[in-house]
1. Could you give the length gained on full extension between Glu79 and Glu201, defined as 0.36 nm per residue of separation minus the Cα-Cα distance, in nm?
2. Might you report the magnitude of the Cβ-based charge dipole of the range 103-204 about its Cα centre, with Lys and Arg at +1 and Asp and Glu at -1, to the nearest 20 debye?
3. What order do Arg55, Arg198, Arg205, Arg88 take when sorted by accessible area (1.4 Å probe), most exposed first?
4. Can you give me the distance in nm between label points at Lys124 and Cys168, each placed 7 Å from the Cα along the Cα-to-Cβ direction?
5. Determine the relative contact order of the range 70-212: mean sequence separation of Cα pairs under 8 Å and six or more apart, normalised by residue count, in whole percent.
6. Could I have the simple spin-label model distance between Asp209 and Leu157, label points 7 Å from Cα toward Cβ, reported in nm to one decimal?
7. Can you give me the solvent accessible area of Ser236 with a 1.4 Å probe, rounded to the nearest 10 Å²?
8. Just by accessible area at a 1.4 angstrom probe, what is the order of Phe75, Phe246 from largest to smallest?
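The values are calculated or read from the model by the stated rules, or taken from the named source; none is laboratory data. This structure is a prediction, so every number in the text was calculated from the model and none was measured. Note that we place each Cβ from the backbone using ideal geometry, even for glycine, and neighbour counts take in every protein chain shown. With ligands, DNA and RNA removed, areas are computed over all heavy atoms of the protein, side chains included. Shrake-Rupley method; radii C 1.70, N 1.55, O 1.52, S 1.80 Å.
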Amino acid sequence: MEKWSKRLVFMFFCLSVCIQIPYVSSSTAPLQGNQGNKESSAARTFKLEDAHVVRCSRERSRAAWKVIEEYLMPFVEQERYKISSGCRLHPDNDLYRDQEQHKHHVDINEWRCGYCRKNFYEEKYLDKHFDNRHFDLLNTSHSRCLADLCGALHCDLVMDSSLRKTKCNPAAAARNKHLCESLADSCFPVSKGPVTGRLHEFFLRQFCDAHTCSGGPKPFPKGQKKRTSMLYISLSILTLMLLPLFYFFIYLYQRGIKSGSQELKRISLSGRKKKSF
């Protein structure tokens, strides 16, 4: 009797275990599925965030373009030479050039996005807006990072940077000089004629000779020439047109005052004559 009771208890135990196994597996399956969904969504988010990461400094690219625009392009335009798109100094090779051209500095504390006409108090907020809302307009496949040329172009001199006070590194100076000379060779090939020969020599003197720790010449010995903007030309023409009108109105005003004073004198004299009679 005891054997039968033990067998019945054992069979009951096995039956209960068999019933619970499907329940446990069915309840854990959705958890595993949800976990897989979370992991896949996390992976997608990581990929999307990673896709938006552009390893190119906007600030240093802006500084590099400022150096090119002020210390190089006026001299290039003076020679009536057009830089080829294969040159890394060409505007098409600036990753942020299109976005920078869609910046409008409306007022002291007002910057406007040229894409969506949104206004911002500072330029840095407009930069963040470009990164978040207009990232798809960057030509990441073809354009190159202009900030990579900052070592050759002495960008730190036009930025508020503490690097200007650091001790000169001979290895870094040699590396920047090599990059600078390669830019001169690729952008202004001497074999193409006297114009490129003069610009090649100018580029070496203007940018490359200063890459030394032996106390050589300073960067930009040829100085800078800011290009005259169309707005400045328009304002100058408008001022020249309005200046004669301004002097004409002053002349009429002074003439009116003189004629008025003479009329008052005539009236006062006539009044005195009547009193004398």
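1. Working: separation 122, 0.36 × 122 = 43.92 nm, distance 1.31 nm.
In short, 42.6 nm is gained.
2. On the way: 15 positive and 13 negative charges, 17 e Å.
Roughly 80 debye, rounded to the nearest 20.
3. Numbers: Arg55 205, Arg198 120, Arg205 80, Arg88 60 Å².
Reading off the accessible areas and sorting them downward yields Arg55, Arg198, Arg205, Arg88.
4. Those two pseudo-labels are separated by 3.3 nm.
5. Details: 128 pairs, mean separation 33.0, N = 143.
So the answer I get is 23 percent.
6. In this crude spin-label approximation the distance works out to 1.2 nm.
7. 40 Å²
8. Working: Phe75 25, Phe246 115 Å².
From most accessible down to least: Phe246, Phe75.
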